[in-house]
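Right, one structure below, let's go through it.
The values are calculated or read from the model by the stated rules, or taken from the named source; none is laboratory data. Note that the coordinates shown come from a computational prediction; the quantities given were computed from them, not determined experimentally. All Cβ positions, even for glycine, are placed from backbone atoms using ideal geometry, and neighbour counts span all protein chains on display. The accessibility values were calculated without ligands, DNA or RNA, using every heavy atom of the protein model including side chains. Shrake-Rupley method; radii C 1.70, N 1.55, O 1.52, S 1.80 Å.
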Amino acid sequence: MSFAFQWQRCDGTGSGCVDVLGATGANHLLGEDDVGSTLRAQVTATNVDDSASAVSSPLSRWMSATAASA
């Protein structure tokens, strides 16, 4: 069985999600583009017979380190 990942950036309420370009690993390093957004992952499992996908719940809204220390 193999797994494929696609991280998605959503608005602050977890809606309007779009794929994060190039974010196809099991982990996603947060960047400035993620500030004010929520993130979720779509995981697709594939075996010799079939494949199935699931989407995580949106993760918490992110703010920049400078905003957090202000």
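Would you pick out the residues in the stretch 1-19 that are over 22 Å from Ser51 (Cα atoms) and among the β-branched types (Val, Ile, Thr)? Thr13, the sole residue that qualifies.
Count of the stretch 17-44 residues, restricted to those that are assigned to a loop (DSSP other than H, G, I, E, B), among the hydrophobic types (A, V, I, L, M, F, W, C) and either modelled with pLDDT under 90 or open to solvent by 40 Å² or more (accessible area, probe 1.4 Å) (or both), is 4. Pairs meeting the criteria (first residue in the stretch 22-38 and farther than 16 Å from Ser60 by Cβ and of a type in the set (Ser, Thr, Tyr), second residue open to solvent by 60 Å² or more (accessible area, probe 1.4 Å) and not in a loop (DSSP other than H, G, I, E, B), beta carbons under 6 Å, at least 6 apart or on different chains) are Thr24/Phe5.
One residue stands out in the stretch 45-62 among those that are part of a loop (DSSP other than H, G, I, E, B) and surrounded by 13 or more Cβ atoms within 10 Å (Cβ to Cβ): the one that is modelled with the lowest pLDDT, namely Arg61.
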